[in-house]
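Participant: Provided herewith is a single structure, encoded as structure tokens, for subsequent inquiry.
Please treat every number below as a calculation from the coordinates, not as lab data. This one's a predicted model, so the numbers in the text were calculated from it and none came from an experiment. Ideal geometry is used to build each Cβ from the backbone, glycine not excepted, and the neighbour counts take in all protein chains shown.
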Amino acid sequence: MTTLLVTGGAGFIGGNFVLKAVADDLHVINLDKLTYAGNLDTLATLRGNPRHVFAEGDIGNRTLVAKLLAEHRPDAIVNFAAESHVDRSIDGPAAFVETNVTGTLGLLECARDYWRSLEGAARDRFRFLHVSTDEVYGSLGDDGKFTERTPYAPNSPYSASKAASDHLVRAFNHTYGLPTLTTNCSNNYGPYQFPEKLVPLTIEKALAGEPLPVYGDGLNIRDWLYVGDHCAAIRRVLEAGRVGETYNIGGNSERNNITVVKTICALLDARRPLTDGRMRESLITFVKDRPGHDRRYAIDASKLAQELGWEPTQTFETGMAQTVDWYLANRPWVQRVLDGSYRMERLGA
């Protein structure tokens, strides 16, 4: 594959994917609506690069999507475009249905019609890869992990909207024969993440010496996946995944939220001590839990390892250290994000 249509490519995961794909000499047509979490600063190094074409727009705009497909004739569509923050979905679920369900449907219809127009090797080569989340599976107890056969049981408006989009992708494969692939990933962290999420929010508040909010008792567990590893896994699934299949992507790094926050505190204390001598763990403040907060997620990514040979390269410790170092080294990017409408306030209370 040489040309990709990437949706949501100015967001966190999509932006990291686009940067690496262009660096690897792929041509990327990047469609992004530039909502609050879309940031062209993430793509600043690609300005003027002939291998990157940016188009501002909505994945539900069938006219625009059809035009981009006809003009650029991509070998695959990689769909990152989504409203993705659970807390925001509690405050306003309609936007999540509009983008994640209705928008994905429009994109699938355009992809189906484009694929049908292809012939020969181009038709055989084409793929539609849908990027989803482990949150569609619901919540785990103390034992077990999510597999690709785990029944869906979404518990938030966000995860319900992503579950619906996953089902639409499956339906378009079974009904129309569209060559689809779906990936369900665990919690991502790394460079360019919007600071409403736990890791960058904690970094920013800890640098400022502000209270560090931790929901409930802090013992909610997630599997943490470094974004660079996630992007590499998507590329591998795109190259060799079996059509119609789902692949879980995890970081083999289960940690509870309080451990994540304490790890960030220790990394910042070593690199950028507070001027008043306080240790940042003293800033941890337990706050009222998120409504319907799932207790534990854990990913079994053995299918991806066994079929396609993918394993994460970063441990929790190495990935988190790289992430903290990136935020310390890229203060202008962070400040431009925080100059917008988001001020690290509590959402979804």
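Participant: Rounded, prolate or oblate: which fits the stretch 265-304 when a ≥ b ≥ c are the square roots of the eigenvalues of the alpha-carbon gyration tensor, with rounded for a/c under 1.5 and prolate only if a/b beats b/c?
Facilitator: Working: a/c = 6.13, a/b = 1.66, b/c = 3.69.
Oblate, since a/c reaches 1.5 and b/c is not below a/b.
Participant: Where both residues lie in the chain, what percent of DSSP beta bridges are antiparallel, nearest 5?
Facilitator: Values: 3 of 40 bridges.
Of the beta bridges lying entirely in the chain, close to 10 percent run antiparallel.
Participant: Right, here's the next one. Give me the distance between the Cα centres of the stretch 1-80 and the stretch 212-227, rounded to whole Å.
Facilitator: 30
Participant: Label points 7 Å out from Cα along the Cβ direction at Arg116 and Ser302: separation in nm?
Facilitator: In this crude label model, Arg116 to Ser302 measures out at 4.1 nm.
Participant: Please give every one of the lysines within straight-line cross-link reach of Lys205, meaning a C-alpha to C-alpha distance under 26 Å, and leave out same-chain neighbours fewer than 8 residues apart.
Facilitator: By straight Cα distance, Lys205 reaches Lys197, Lys262, Lys288.
Participant: Follow-up. How would you classify the chain from its alpha-carbon gyration tensor, with a ≥ b ≥ c the square roots of the eigenvalues: rounded for a/c under 1.5, else prolate if a/b is greater than b/c, otherwise oblate? Working shown, then result.
Facilitator: On the way: a/c = 1.78, a/b = 1.50, b/c = 1.19.
Taking the square roots of the gyration eigenvalues as a ≥ b ≥ c, the chain is prolate.
Participant: Right, next: Using the per-residue mean of other Cβ atoms lying within 10 Å as a proxy for protection, in what order, highest first, do the peptides 169-175, 30-36, 77-83, 54-60 fall? Could the numbers behind the result be given before it?
Facilitator: Details: 169-175: 16.4, 30-36: 20.6, 77-83: 26.7, 54-60: 18.7.
Ranked from most to least packed, the peptides come out as 77-83, 30-36, 54-60, 169-175.
Participant: Antiparallel as a % of all DSSP beta bridges within the stretch 141-273, to the nearest 5?
Facilitator: Values: 3 of 10 bridges.
In the stretch 141-273, approximately 30 percent of DSSP beta bridges are antiparallel ones.
Participant: What is the distance, in nm, between label points placed 7 Å from the Cα along the Cα-to-Cβ direction at Arg47 and at Arg336?
Facilitator: 0.7
Participant: So, one more: What is the angle, in °, between the Cα long axis of helix 12-23 and the longest principal axis of the Cα atoms in the chain? Nearest 10 is fine, range 0 to 90.
Facilitator: The angle comes out at about 60 degrees.
Participant: Let a ≥ b ≥ c be the square roots of the eigenvalues of the Cα gyration tensor of the stretch 203-339; is it rounded (a/c under 1.5), or, if not, prolate (a/b larger than b/c) or oblate? Let's see the in-between values first.
Facilitator: Working: a/c = 2.43, a/b = 1.70, b/c = 1.43.
Judged from the Cα gyration tensor, the stretch 203-339 comes out prolate (a/c at least 1.5, a/b above b/c).
Participant: While we're looking at this one, here's another question. Angle, helix 227-240 long axis vs. longest principal axis of the chain, Cα atoms, 0 to 90°, nearest 10?
Facilitator: In the chain, helix 227-240 runs at an angle near 20 degrees to the longest axis.
Participant: Using the basic label-point model (7 angstrom from Cα toward the beta carbon), what is the Asp289 to His174 distance in nanometres?
Facilitator: Going from the Asp289 label point to the His174 one covers 3.4 nm.
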